[in-house]
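Visitor: One structure is given below, represented as structure tokens, and several questions about it will come after.
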Amino acid sequence: MQQESKLKEVAALFFKLGCIAFGGPASHIAMVEDEVVTKRKWMTQEHFLDLVGATNLIPGPNSTEIVMHCGHERAGWKGLIVAGLCFIFPAVVITSILAGLYQEYGQLPDVEPFIYGIKPAVISIIAVAAFRLGKKALKSTLLGVLGAITLTASLLGINEILALFGCAVLGLLLHLFSNTRKSANIFTPFFLLPFIGQVQVGNLKIFLAFLKVGAILYGSGYVLFAFLDAELVVKGWITRQVLIDAVAVGQFTPGPILSTATFVGWQLNGATGALMATVGIFLPSFLLVYALNPLIPKMRKSKAFSAFLDAANVAAVALIISICVEMGLEALAGWRSMVIAILSILFLLFVKRANNFFIVLGGALFGYLLTLVPFT
């Protein structure tokens, strides 16, 4: 009964987050951290950081994989599956509805007034989460220096995966250099599934194409655009305009941006195509997280890998800050968005057990109302 209760708790939490998690992977991770660490105490902040750092080492959507990790921590392998499905489900349903309307009418609804207010609210959630995680990740001056280097590299346009791996490897090398003892049993917790050849079957072809993308997709969900362009547009499956519209849907719907796959699959072969694309792109994440989760505590016991993971953690926080800065420069362009961002940060910092749902909803409504104000 206790296990069943935990599964229900996992389902309720991540279904809720799947309905309100706007803003991309950084904001999703911020919301998850607030719910599972700050409010529910399911794990320590240090262990959550380990999960974030380890997740960055494997392909797939980082925030969705963090959700799966948290479900596994709370309720075992069943919790992993339930958490992942509940987090993905709202985005897939909403995206499917929009995909059907798009196929019928050829255009997307105008949601810009509401997105105007959601963006600064989401940036505030990311900023506060980065502040909390940063306090735990900065265990030494050296890690602070590594984090600053990673942040600078990211802001200068260095690929985020190269920046994170570079920081983690540098942390490991510095650890080995400072210890005369030889370190052994260093385990690299990631692998790539082989590239899959083309087949001549409709839905199976869609499934294998998106399985391939899900198995090799490193970085944020925004890298998905480049992968799908090469995999679908170049092959003539869809036009680039359809892909742009698909990515737009992923931007203004809650949950993982990889629900873009659902939209594209629908355009290719209706509801069954959407199902095949969705299952294909998310399946590798379920398998990788299931394989990785039990290994993380063992990795932490190794001094050498612990140094690697500490550096990966501080790099992950630096990347979150970098994303926050980039989003801020884009979204905080006027007094309206600044007001929403400041109010959101104050609410998150000073209201105990502040609920991100009300931050997002309040930002959307407030943004809409402020767009009605005539002066700039």
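Visitor: Regarding residue 259, is this residue open to solvent by less than 10 Å² (accessible area, probe 1.4 Å) and under 18 Å from residue 126 (Cβ atoms)?
Guide: no
Visitor: So, one more: Just to be sure, is residue 55 of a type outside the set (D, E, K, R), over 14 Å from the mean Cα position of the chain (by Cα), modelled with pLDDT under 90 and more than 18 Å from residue 75 (Cα to Cα)?
Guide: For residue 55, the condition - of a type outside the set (D, E, K, R), over 14 Å from the mean Cα position of the chain (by Cα), modelled with pLDDT under 90 and more than 18 Å from residue 75 (Cα to Cα) - is not met.
Visitor: Taking the criterion of being more than 30 Å from residue 175 (Cα to Cα), among the aromatic types (Phe, Trp, Tyr), modelled with pLDDT of 85 or more and surrounded by 22 or more Cβ atoms within 10 Å (Cβ to Cβ), would at least one residue in the stretch 88-97 satisfy it?
Guide: Checking the stretch 88-97: not a single residue is more than 30 Å from residue 175 (Cα to Cα), among the aromatic types (Phe, Trp, Tyr), modelled with pLDDT of 85 or more and surrounded by 22 or more Cβ atoms within 10 Å (Cβ to Cβ).
Visitor: A further question follows. In the stretch 309-323, what count of residues is obtained for those that are over 15 Å from residue 51 (Cα atoms) and open to solvent by less than 10 Å² (accessible area, probe 1.4 Å)?
Guide: 2
Visitor: Out of all the residues in the stretch 270-278, is one or more surrounded by 23 or more Cβ atoms within 10 Å (Cβ to Cβ), in contact (Cβ under 8 Å) with a residue 24 or more places away in the chain, out of contact with any His (no Cβ under 6 Å at 6 or more places or on another chain) and closer than 20 Å to residue 65 by Cβ?
Guide: Looking through the stretch 270-278, at least one residue is surrounded by 23 or more Cβ atoms within 10 Å (Cβ to Cβ), in contact (Cβ under 8 Å) with a residue 24 or more places away in the chain, out of contact with any His (no Cβ under 6 Å at 6 or more places or on another chain) and closer than 20 Å to residue 65 by Cβ.
Visitor: So the check is Cβ under 6 Å with 6+ separation or different chains; which pairs have a first residue in the stretch 61-81 that's within 12 Å of residue 36 (Cα to Cα) and a second one that's outside any helix (DSSP H, G or I) and open to solvent by 10 Å² or more (accessible area, probe 1.4 Å)?
Guide: As it stands, the answer is 73/43; 74/42, since those pairs meet every condition given.
Visitor: In the stretch 68-85, which residues are over 15 Å from residue 28 (Cα atoms) and open to solvent by less than 10 Å² (accessible area, probe 1.4 Å)?
Guide: If the condition is that a residue be over 15 Å from residue 28 (Cα atoms) and open to solvent by less than 10 Å² (accessible area, probe 1.4 Å), then 75, 79, 80 are the ones that fit.
Visitor: Are there helices (runs of 4 or more DSSP H) fully within the stretch 261-376 with at least 3 residues that are farther than 30 Å from residue 146 by Cβ and modelled with pLDDT of 80 or more? List them.
Guide: Of the helices (runs of 4 or more DSSP H) lying wholly inside the stretch 261-376, those with at least 3 residues that are farther than 30 Å from residue 146 by Cβ and modelled with pLDDT of 80 or more span 335-350, 356-371.
The values are calculated or read from the model by the stated rules, or taken from the named source; none is laboratory data. Note that the structure is a prediction, hence the values are computed from the model and not measured. Cβ coordinates were reconstructed from backbone atoms using ideal geometry, including for glycine residues, and neighbour counts include every protein chain displayed. For the accessible areas, the whole protein counts, side chains as well, though only heavy atoms, and no ligand, DNA or RNA atoms are used. Shrake-Rupley method; radii C 1.70, N 1.55, O 1.52, S 1.80 Å.
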